[in-house]
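Okay, so here's the structure we're looking at.
The values are calculated or read from the model by the stated rules, or taken from the named source; none is laboratory data. Just so you know, these numbers come straight off a predicted model, no measurement behind them. When we count neighbours, we look across all protein chains shown, and the Cβ atoms used for this are built from the backbone with ideal geometry, even at glycine.
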Amino acid sequence: MRRQKLFKVKITALVLCVSSGCANLHSVMIGERRLPPSGGRDFDVKVSETGFNVKEATSVVQAIGGKNSGAGKAAKTVNELYDLVSFGPVTGNPVMDTKYADSIGEQASNSCAPEKTIGVVSIRETMKYPVISGEIVKIGGQCK
């Protein structure tokens, strides 16, 4: 009976964690932002990639499986190894494809070609959920 109650509490906690999420704005760089000239138009380019938070994932494994279980001990080892290889300042979570935003500048310039690009704004943000996140890079501006 006690075991079933503990299991229900763990499942409830997991459901609450999965159902919550929020957005974190990491940086915004704004150039001169003006109204588009007559005949001008706005453009927006966005790329995103799924991030993975190792620390949160290992915490979930330990919470569900127990810290002293085989899975809990393996999660602790993974967490310690991750701490050894990850250091320094970061924004957001690590992603599988680290070059996902490399082409956004070219996409932005192609949005206005052959017109001139003015009022460029770049935004870096994270849509955060338990264990995973959406790592987002946006560029907006106007074509003259």
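Residues in the stretch 73-87 that are exposed (fewer than 14 other Cβ atoms within 10 Å of the Cβ) and either polar (S, T, N, Q) or in a loop (DSSP other than H, G, I, E, B) (or both): 77, 86, 87. Residue 90 satisfies every condition listed in (1) within 15 Å of the chain's Cα centre (by Cα); (2) touching a residue at least 40 places away in the same chain (Cβ under 8 Å); (3) exposed (fewer than 14 other Cβ atoms within 10 Å of the Cβ) except (2). Within the stretch 38-60, which residues are of a type outside the set (Gly, Ala, Ser), at pLDDT 90 or above and under 30 Å from residue 142 (Cα atoms)? Selection gives 44, 45, 46, 47, 49, 50.
Scanning the stretch 118-135 turns up at least one residue that is touching a Phe, Trp or Tyr at 6+ places or on another chain (Cβ under 9 Å), under 30 Å from residue 41 (Cα atoms) and in contact (Cβ under 8 Å) with a residue 24 or more places away in the chain.
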